[in-house]
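Only one structure is covered here, and it is reproduced in the block below.
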Amino acid sequence: MAYPTYCLIGPDNKLKNEDIWPIASMSSFVSAFPAGSDIQTAQCALVSIEEHRATARLSIFPMPTNGPVSVDMTVPTAGVLRLELLDPLGRMVHQESLGKRPAGQIRHSMDLAVIGNGNYSLRLTMDGVPTSVRPVMIVR
């Protein structure tokens with residue numbers, strides 16, 4: 001039999017508590033946090049399948065790239081699209097707004113020549129909600 005287990009990682013990215021178990025209630029979970037953490041509990045809500053937005057498909061080529069890429073997207077519904085390039089820490093280093101687009105296939109060209117070498121993630125958002133993420137490697 002398996003039991004849920006949790007670990008606590010601090011904002012400094014260091015392990016604070018290796019195994020918070022057993023968790024019998026929200027108070028037993030909150031008590032595992034360091035004193036003074038001021039944890040605020042919140043009521044959980046269920047989300048039905050009907051509320052889940054279908055995800056978009058996203059592909060990027062060529063990969064790795066030295067700058068110019070083509071981004072192919074298949075979006076399930078019409079919406080306002082934006083492409084966001086994130087560094088390994090999740091910081092946005094580049095974004096391009098594509099405006100309101102209909103459902104279907106879309107090809108968009110991006111020039112990443114001004115972005116430094118490295119590994120990134122390209123995230124597609126629809127109406128402000130992230131729907132798909134793909135890795136991007138820039139090599140010169």
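The values are calculated or read from the model by the stated rules, or taken from the named source; none is laboratory data. Computed from a prediction, not measured in an experiment: that's the story for all the values here. No Cβ is skipped: glycine too gets one built from the backbone with ideal geometry, and neighbour counts run over all protein chains shown.
Quick notes on this structure:
- Being under 15 Å from Pro68 (Cα atoms), touching a residue at least 40 places away in the same chain (Cβ under 8 Å) and exposed (fewer than 13 other Cβ atoms within 10 Å of the Cβ) is a property that holds for Val139.
- The numbered conditions (1) over 28 Å from Pro11 (Cα atoms); (2) at pLDDT below 85 are all true for Thr65 except (2).
- 1 or more residues of a type in the set (S, T, N, Q) and touching a Leu at 6+ places or on another chain (Cβ under 9 Å): qualifying strands (runs of 3 or more DSSP E) within the range 68-140: 68-75, 92-101, 118-126, 129-138
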